[in-house]
Amino acid sequence: MISCRAPGKLFIAGEYAVVEPGHLAVLTAVDRFATATIAAADPADGITVHSDLDGGITLSCGRHGDELAPTSGAGVPAAFSYVFAAVSVVHRLLLERAVPVSAFRLDVTADLGDTDGRKFGLGSSAAVTVATVDALGRYFGLGLDPMRRYRLAMLATMAVNPRASGGDVAVSTWGGWLAYRSPDRTQVAAALARDGVEATLRAPWPGLSVRPLPTPTELTVQVGWTGNPASTPALVAGLGGDRTTFQTSSDACVERLVAAVEFNDSPAIRDEIDSARTLLVGLDAMSGLGIMTPRLHALCAEGAAVGAAAKPSGAGGGDCGIALIERTRPAAIAELTGRWLRAGIRPLPLRTYLVEGDLR
């Protein structure tokens with residue numbers, strides 16, 4: 001039996017710009033996880049996937065030619081879409097490498113949401129995808145380094161959501177703080193269709209850049225949940241018009257943020273967080289997407305009231321916001337917690353997560 005876990009994520013800055021290839025975002029991994037456990041099964045059972053998602057469901061899969069499909073013929077439940085895509089892309093790689101595919105049972109669990117099943121916006125889809133790819137890679141001895149784990153998980157993610165930036169996939173793979181530029185998914189998808197999985201893993205991915213960053217030592221990231229789950233694909237799909245000015249400004253802001261993080265320059269980091277929030281407010285006004293909900297406005301305002309730099313994390317429209325504040329100000333942190341609670345915002349006790357063995 002093999003068990004692997006992958007962390008959730010928070011966007012620090014660059015959301016919406018990073019959706020387009022080559023644009024920059026900074027993310028951090030957090031200590032909430034998806035876990036995938038794989039064990040040999042009776043050959044008569046074939047491939048079975050079980051998950052606690054949506055209250056607990058089981059999916060049996062069979063091989064139809066070179067493809068996997070549910071044996072029930074009823075299609076893949078929505079809650080299983082990313083897990084099934086991950087199993088499918090690894091299965092395709094196994095066939096290309098002529099690795100015998102024995103029967104197995106895969107169990108997937110996640111603690112990336114509330115007890116009632118509502119998501120916190122911590123990237124549960126990416127985490128379950130990365131954990132599944134990692135577990136399958138280890139079980140079948142594929143020798144996957146982090147870049148190939150990311151690429152396999154990204155191919156699976158694209159099968160479900162072709163517009164996904166993959167920033168959450170990257171940070172679930174590498175952990176810690178990360179500077180990330182998204183690949184050209186159209187070119188990657190064309191390479192996959194033309195050349196197969198193995199060749200696509202080895203080929204250049206135009207636009208892609210993954211750069212680990214040091215974790216700031218003087219600032220803490222406080223996280224607040226608005227209580228309203230949001231759909232990132234739906235919000236991103238609503239973008240329209242010319243966003244060149246926004247993307248250019250966002251890249252400049254995030255590049256300054258990356259430099260500030262590398263120099264551990266706390267005032268500069270907070271300045272760029274404020275700048276990133278201002279850019280999102282402007283994008284929201286231009287697009288009418290509803291990125292800045294009343295509670296996200298309140299989250300940011302209460303952060304500013306105690307001297308923190310605050311903004312939405314991710315697509316907005318609900319989910320989480322963040323506030324960066326000096327660790328040496330425990331009274332201000334406590335005051336922020338109280339202000340958030342009075343505004344109907346739930347503080348989440350999250351910490352940056354470094355993948356085991358990472359010495360950053």
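Rundown of residues vs (1) modelled with pLDDT under 95; (2) surrounded by fewer than 24 Cβ atoms within 10 Å (Cβ to Cβ); (3) under 12 Å from D111 (Cα atoms), yes/no style:
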{"position": "A6", "(1), (2), (3)": "no, no, yes"}
{"position": "P21", "(1), (2), (3)": "no, yes, no"}
{"position": "L24", "(1), (2), (3)": "no, no, no"}
{"position": "A29", "(1), (2), (3)": "no, no, no"}
{"position": "T37", "(1), (2), (3)": "no, yes, no"}
{"position": "P43", "(1), (2), (3)": "yes, yes, no"}
{"position": "G46", "(1), (2), (3)": "yes, yes, no"}
{"position": "V49", "(1), (2), (3)": "yes, no, no"}
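Right, L152: of a type outside the set (D, E), under 13 Å from the mean Cα position of the chain (by Cα) and under 20 Å from A29 (Cα atoms) or not? No: the conditions fail for L152.
Only residues that are part of a helix (DSSP H, G or I) and either surrounded by 14 or more Cβ atoms within 10 Å (Cβ to Cβ) or among the small types (G, A, S) (or both) were counted in segment 166-194, giving 16.
So which residues in segment 320-349 are β-branched (V, I, T), over 13 Å from L296 (Cα atoms) and surrounded by 14 or more Cβ atoms within 10 Å (Cβ to Cβ), if there are any at all?
Residues of segment 320-349 that are β-branched (V, I, T), as a first pass: 322, 325, 328, 333, 337, 345.
Next cut, over 13 Å from L296 (Cα atoms) only: 325, 328, 333, 337.
Those that are β-branched (V, I, T), over 13 Å from L296 (Cα atoms) and surrounded by 14 or more Cβ atoms within 10 Å (Cβ to Cβ): I325, I333, T337.
Here T352 meets each of (1) surrounded by fewer than 18 Cβ atoms within 10 Å (Cβ to Cβ); (2) out of contact with any strand residue (DSSP E or B) (no Cβ under 7 Å at 6 or more places or on another chain) with one exception, condition (2). Of all residue pairs spaced 6 or more apart or on separate chains, those with beta-carbon atoms under 6 Å, a first member in segment 26-50 that is basic (K, R) and a second member that is surrounded by 14 or more Cβ atoms within 10 Å (Cβ to Cβ) are R32/G8; R32/D111; R32/L112; R32/L122. Can you go through L152, L142 and tell me which one is in a helix (DSSP H, G or I) and closer than 14 Å to V89 by Cα? That would be L152, the only listed residue that is in a helix (DSSP H, G or I) and closer than 14 Å to V89 by Cα. Restricting attention to segment 1-50, the residues being assigned to a strand (DSSP E or B), within 21 Å of Y180 (Cα to Cα) and hydroxyl-bearing (S, T, Y) number 1.
Provide a single number: the residues in segment 284-295 that are more than 11 Å from P312 (Cβ to Cβ) and of a type in the set (A, V, I, L, M, F, W, C). Counting residues in segment 284-295 that are more than 11 Å from P312 (Cβ to Cβ) and of a type in the set (A, V, I, L, M, F, W, C) gives 3. Across segment 86-119, the qualifying residues are those that are of a type in the set (D, E, K, R) and part of a loop (DSSP other than H, G, I, E, B), and the one among them that is surrounded by the fewest Cβ atoms within 10 Å (Cβ to Cβ) is D116. Considering only residues in segment 232-282 that are among the charged types (D, E, K, R) and modelled with pLDDT under 95, the one that is farthest from P212 (Cα to Cα) turns out to be D242. Pairing residues of segment 123-146 that are within 18 Å of G175 (Cα to Cα) and not assigned by TED's automatic domain parsing to the domain that holds V99 with residues that are surrounded by fewer than 24 Cβ atoms within 10 Å (Cβ to Cβ) and modelled with pLDDT of 95 or more, at Cβ distances under 9 Å and at least 6 apart in sequence or on separate chains, gives no pairs at all. Considering L178, L155, L136, L142, which residue is touching a Lys or Arg at 6+ places or on another chain (Cβ under 8 Å), of a type outside the set (G, A, S) and under 16 Å from E198 (Cα atoms)? Step by step, each of L178, L155, L136, L142 is checked, and only L142 is touching a Lys or Arg at 6+ places or on another chain (Cβ under 8 Å), of a type outside the set (G, A, S) and under 16 Å from E198 (Cα atoms).
Of the numbered criteria (1) within 24 Å of G166 (Cα to Cα); (2) more than 22 Å from the chain's Cα centre (by Cα), the one A301 fails is (1).
Quick check on S81: is it among the small types (G, A, S), modelled with pLDDT under 95 and more than 12 Å from the chain's Cα centre (by Cα)? Full working, then the answer.
Details: among the small types (G, A, S): yes; modelled with pLDDT under 95: yes; more than 12 Å from the chain's Cα centre (by Cα): yes.
Spelling it out, S81 is indeed among the small types (G, A, S), modelled with pLDDT under 95 and more than 12 Å from the chain's Cα centre (by Cα).
Name every residue in segment 250-279 that is under 14 Å from Y16 (Cβ atoms), polar (S, T, N, Q) and in contact with a Leu (Cβ under 6 Å, 6 or more places away or on another chain), in order of residue number. Of everything in segment 250-279, just one residue is under 14 Å from Y16 (Cβ atoms), polar (S, T, N, Q) and in contact with a Leu (Cβ under 6 Å, 6 or more places away or on another chain), namely S250.
Is there a residue being in the same structural domain as A190 (by TED's automatic domain parsing), surrounded by fewer than 19 Cβ atoms within 10 Å (Cβ to Cβ) and touching a residue at least 12 places away in the same chain (Cβ under 8 Å) anywhere in segment 147-158?
yes
The set of residues from segment 120-139 being in a loop (DSSP other than H, G, I, E, B) and either modelled with pLDDT of 95 or more or of a type in the set (G, A, S) (or both) comprises G121, G123.
The values are calculated or read from the model by the stated rules, or taken from the named source; none is laboratory data. Treat the numbers as computed from the prediction; the structure is a model and nothing was measured. Don't worry about glycine lacking a Cβ; one is built from the backbone with ideal geometry, like all the others, and counts go over all protein chains shown.
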